[in-house]
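> Mind looking over this structure? Questions follow.
The values are calculated or read from the model by the stated rules, or taken from the named source; none is laboratory data. Please read these numbers as outputs of a predicted model, since none were measured by experiment. All Cβ positions, glycine included, derive from the backbone under ideal geometry; neighbour counts span all protein chains shown. The accessibility values were calculated without ligands, DNA or RNA, using every heavy atom of the protein model including side chains. Shrake-Rupley method; radii C 1.70, N 1.55, O 1.52, S 1.80 Å.
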Amino acid sequence: MSNIQALRGTRDILPDEAVVWQHVEATARDILHRAAYREIRPPMLEQTELFARGIGEATDVVGKEMYSFEDRGGRSITLRPEITAGLVRAFIGNKLFASGGVQRLWHTGPAFRYERPQKGRQRQFHQLDVEILGSRDPRADVEVIAIATDILQTLGLKSLSLDINSVGSGADRQAYRDALINYLTPYRDDLDSDSQDRLTRNPLRILDSKDSRTQEIIQDAPSLLDHLSEDSQGHFDQVQQQLSALGIDFTINPRLVRGLDYYTHTAFEIMSADLGAQATVCGGGRYDGLVQQLGGPEVPAIGFAIGLERLTILLQQLQTTPTPTLDFYMVSRGEKAEPVTTVLAQQLRHQGFAVEVDLSGSVFGKQFKRADRSGAMACLILGDAEAEGGTVQLKWLSSGEQAELSQGELLDMADTLKAKIATLR
Ligand code: ATP
Ligand code: MG
């Protein structure tokens, strides 16, 4: 019988790599908690309509990439292609707006898109999603950009660049949309076929086209920034001033339009020069219209999503992730000795030590070799003689220094042992 393979575009994150993910998650959680963000855990399955309404039918994500199916009750269900829409659905459904204040929320987990798999692009991938709901203040825009930057920099990433733009208000975009259609219509036949489709449905998305001929045409297209109202321009100016005050470098990219329909005002992307074609690590922006569009009250919001696969690819290139360390490796042999390890290991763990028990029952020599490879600071050795005497041998693996002590003494000297382990690390 042939093996069952993982689905194309999905991958197993094996234990060595999971360490990198844990490091990313712990770093992000720490930064987010210090800025008063609270975790929310919405489901991965949602009604298909949520994404159709919340992301927009004319986007690639909804039009081409969703994992949608009918469940046994005949409902149309979709595996979330991103996190924001579900988070906003939860915000509305659970009336998190009722307090009237600002909600700072974050979530991390998988998202699903039916795309052509390649480096940094999978069908099941993971995002870290961060949102502020309930503030129109440009400081909110700057806060989330600063948090994204902080997470990436704290992780040690280099050669990052931040692009920002303003897509204005709905009204600004309407005016710009007309100007853009007027400019592009004479070139219609030269545009790539996706862009031809978008010319009437979602012309702003054409600015995002990767096609080289379309890109050439767009070079001379009117700029969104010339169509901003005074208020929109004022908002954008403040964002820029505050980013500068924080020492965060940015480039204004008037062609940066996030692919999703609900974005207003600030849009931003953080790219890495070390990622090749899939360069965007983080994408975000303001979405003042979304909560209302999904049936909630008028609540402005801004947020971002970091693509964690792309982030971990970069981190693995750096190889700076700390590996978790073991304090004791416990070896034993004999009918009396082996059962003692279960109890002693548990007692040590309750005192805060990391302990691995060798379960092989093989000769001591083989168990010692595994102890050396385990990365533990010390080896605890139990033979039947020790078991009968209620003792244990403690061997420090770096020096080879060894002593026999009673199991009670070992447990009593936890603080001394911790201090010694700390100096050895
Ligand atoms: P791209 O232009 O690379 O397709 P996108 O605009 O579709 O990105 P967003 O919807 O903004 O991406 O998602 C936010 C982030 O999630 C991206 O910047 C990227 O890091 C990550 N991401 C999106 N799609 C995938 C995928 N299929 N596999 C891995 N990561 C992804
Ligand atoms: Mg995409």
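> With the structure loaded, tell me whether residue 343 is in contact with a Leu (Cβ under 6 Å, 6 or more places away or on another chain), open to solvent by 10 Å² or more (accessible area, probe 1.4 Å) and away from ligand 1 (no atom under 16 Å from the Cβ) or whether it fails that test.
Values: in contact with a Leu (Cβ under 6 Å, 6 or more places away or on another chain): no; open to solvent by 10 Å² or more (accessible area, probe 1.4 Å): yes; away from ligand 1 (no atom under 16 Å from the Cβ): yes.
Taking the combined requirement at face value, the residue does not satisfy it.
> For the stretch 388-401, give me each residue that is over 23 Å from residue 339 (Cβ atoms) and either under 44 Å from the mean Cα position of the chain (by Cα) or part of a strand (DSSP E or B) (or both). Outline the logic, then answer.
Applying the first criterion (over 23 Å from residue 339 (Cβ atoms)) to the stretch 388-401 yields 396-401.
If the condition is that a residue be over 23 Å from residue 339 (Cβ atoms) and either under 44 Å from the mean Cα position of the chain (by Cα) or part of a strand (DSSP E or B) (or both), then 396, 397, 398, 399, 400 are the ones that fit.
> Considering only residues that are surrounded by 15 or more Cβ atoms within 10 Å (Cβ to Cβ) and charged (D, E, K, R), which ones fall in the stretch 26-39? Break it down into steps so the answer makes sense when it comes.
As a first pass, look at the stretch 26-39 and keep what is surrounded by 15 or more Cβ atoms within 10 Å (Cβ to Cβ): 27-29, 31-32, 35, 37.
Passing the criteria: only 29.
> Shifting gears a bit: Could you check the stretch 214-239 and list, in sequence order, the residues that are surrounded by fewer than 17 Cβ atoms within 10 Å (Cβ to Cβ) and out of contact with any helix residue (DSSP H, G or I) (no Cβ under 6 Å at 6 or more places or on another chain)? It would help to see each step written out before you state the result.
Taking the stretch 214-239 and keeping what is surrounded by fewer than 17 Cβ atoms within 10 Å (Cβ to Cβ), we get 215-216, 219-220, 222-223, 226, 229-231, 233-234, 237-238.
If the condition is that a residue be surrounded by fewer than 17 Cβ atoms within 10 Å (Cβ to Cβ) and out of contact with any helix residue (DSSP H, G or I) (no Cβ under 6 Å at 6 or more places or on another chain), then 215, 216, 219, 220, 223, 226, 230, 231, 233, 234, 237 are the ones that fit.
> Since residue 60 meets every condition but one in (1) open to solvent by 30 Å² or more (accessible area, probe 1.4 Å); (2) modelled with pLDDT of 95 or more, which condition does it not meet?
Every condition holds for residue 60 apart from (2).
> If I ask for residues that are without any contact (Cβ under 8 Å) to a residue 40 or more places away in the chain and under 32 Å from the mean Cα position of the chain (by Cα), which ones from the stretch 195-213 would you list? Spell out the reasoning first.
Start the filter on the stretch 195-213 by keeping residues that are without any contact (Cβ under 8 Å) to a residue 40 or more places away in the chain, which leaves 195-197, 199-200, 203, 206, 209-213.
195, 203, 206, 209, 210, 211, 212, listed by residue number.
> Do we find a residue being within 30 Å of residue 324 (Cβ to Cβ), over 20 Å from the mean Cα position of the chain (by Cα) and of a type outside the set (S, T, N, Q) anywhere in the stretch 2-19?
Yes, there is a match, as at least one residue in the stretch 2-19 is within 30 Å of residue 324 (Cβ to Cβ), over 20 Å from the mean Cα position of the chain (by Cα) and of a type outside the set (S, T, N, Q).
> Consider residue 32 carefully, then state whether it is within 26 Å of residue 315 (Cβ to Cβ), touching a strand residue (DSSP E or B) at 6+ places or on another chain (Cβ under 9 Å) and more than 16 Å from ligand 1 (Cβ to nearest atom). Steps first, answer last, please.
Details: within 26 Å of residue 315 (Cβ to Cβ): yes; touching a strand residue (DSSP E or B) at 6+ places or on another chain (Cβ under 9 Å): yes; more than 16 Å from ligand 1 (Cβ to nearest atom): yes.
So residue 32 fits the description; yes.
> Give me the residue from the stretch 108-137 that is basic (Lys, Arg) and within 16 Å of ligand 2 (Cβ to nearest atom) and, out of that set, nearest to residue 53 (Cα to Cα). Reasoning before the result, please.
First, the residues of the stretch 108-137 that are basic (Lys, Arg): 113, 116, 119, 121, 123, 136.
So of that shortlist, the ones also within 16 Å of ligand 2 (Cβ to nearest atom) come out as 113, 116, 119, 121, 123.
On the way: 113: 17, 116: 24, 119: 30, 121: 25, 123: 22 Å.
Of everything passing the filter in the stretch 108-137, 113 is nearest to residue 53 (Cα to Cα).
> Among the listed residues 55, 77, 40, which satisfies the condition of being in contact with a Leu (Cβ under 6 Å, 6 or more places away or on another chain), modelled with pLDDT under 95 and aliphatic (A, V, I, L, M)?
Details: 77 fails: modelled with pLDDT under 95; 40 fails: modelled with pLDDT under 95.
Exactly one residue qualifies, and that residue is 55.
> For the stretch 63-81, check the following and say yes or no: at least one residue is open to solvent by less than 60 Å² (accessible area, probe 1.4 Å), free of Cβ contacts under 8 Å to residues at least 24 places away in the same chain and within 30 Å of residue 375 (Cβ to Cβ).
no
> Further, regarding this structure: Select from the stretch 149-168 the residues that are hydroxyl-bearing (Ser, Thr, Tyr) and surrounded by fewer than 18 Cβ atoms within 10 Å (Cβ to Cβ) and list them in ascending order. Write out each step before concluding.
Step one: filter the stretch 149-168 for residues hydroxyl-bearing (Ser, Thr, Tyr), giving 149, 154, 159, 161, 166.
Selection gives 154, 159, 161.
> For the stretch 188-206, give me each residue that is hydrophobic (A, V, I, L, M, F, W, C) and open to solvent by 40 Å² or more (accessible area, probe 1.4 Å). Full working, then the answer.
First pass over the stretch 188-206, keeping only residues hydrophobic (A, V, I, L, M, F, W, C): 191, 199, 204, 206.
Once the filter is applied, which keeps residues that are hydrophobic (A, V, I, L, M, F, W, C) and open to solvent by 40 Å² or more (accessible area, probe 1.4 Å), the stretch 188-206 yields nothing.
> Can you tell me which of (1) more than 22 Å from residue 132 (Cβ to Cβ); (2) within 16 Å of ligand 2 (Cβ to nearest atom); (3) open to solvent by less than 30 Å² (accessible area, probe 1.4 Å) is the one residue 283 doesn't meet?
The failed condition is (1).
> Still on this structure, I have one more. I'd like to know if the stretch 137-148 contains one or more residues that are under 30 Å from residue 276 (Cβ atoms), open to solvent by 20 Å² or more (accessible area, probe 1.4 Å) and not acidic (Asp, Glu).
yes
> I'd like to check which helices (runs of 4 or more DSSP H) are fully inside the stretch 137-238 and have at least 1 residues that are closer than 29 Å to residue 317 by Cβ. Reasoning before the result, please.
On the way: elements: 138-154, 170-184, 193-201, 212-219.
Here the list reads 138-154, 212-219.
> For residue 277, state whether it is within 16 Å of ligand 2 (Cβ to nearest atom) and open to solvent by 60 Å² or more (accessible area, probe 1.4 Å).
On the way: within 16 Å of ligand 2 (Cβ to nearest atom): yes; open to solvent by 60 Å² or more (accessible area, probe 1.4 Å): yes.
Here the answer is yes, as residue 277 does meet what is asked.
> Listed residues 404, 386; which is farther than 30 Å from residue 276 by Cα and open to solvent by 30 Å² or more (accessible area, probe 1.4 Å)? Can you show your working first?
Values: 386 fails: open to solvent by 30 Å² or more (accessible area, probe 1.4 Å).
Selected residue: 404, the only one of 404, 386 that is farther than 30 Å from residue 276 by Cα and open to solvent by 30 Å² or more (accessible area, probe 1.4 Å).
> Can you tell me which residues in the stretch 264-294 are of a type in the set (Phe, Trp, Tyr) and within 21 Å of residue 121 (Cβ to Cβ)?
Step one: of the stretch 264-294, the residues of a type in the set (Phe, Trp, Tyr) are 268, 287.
Result: 268, single match.
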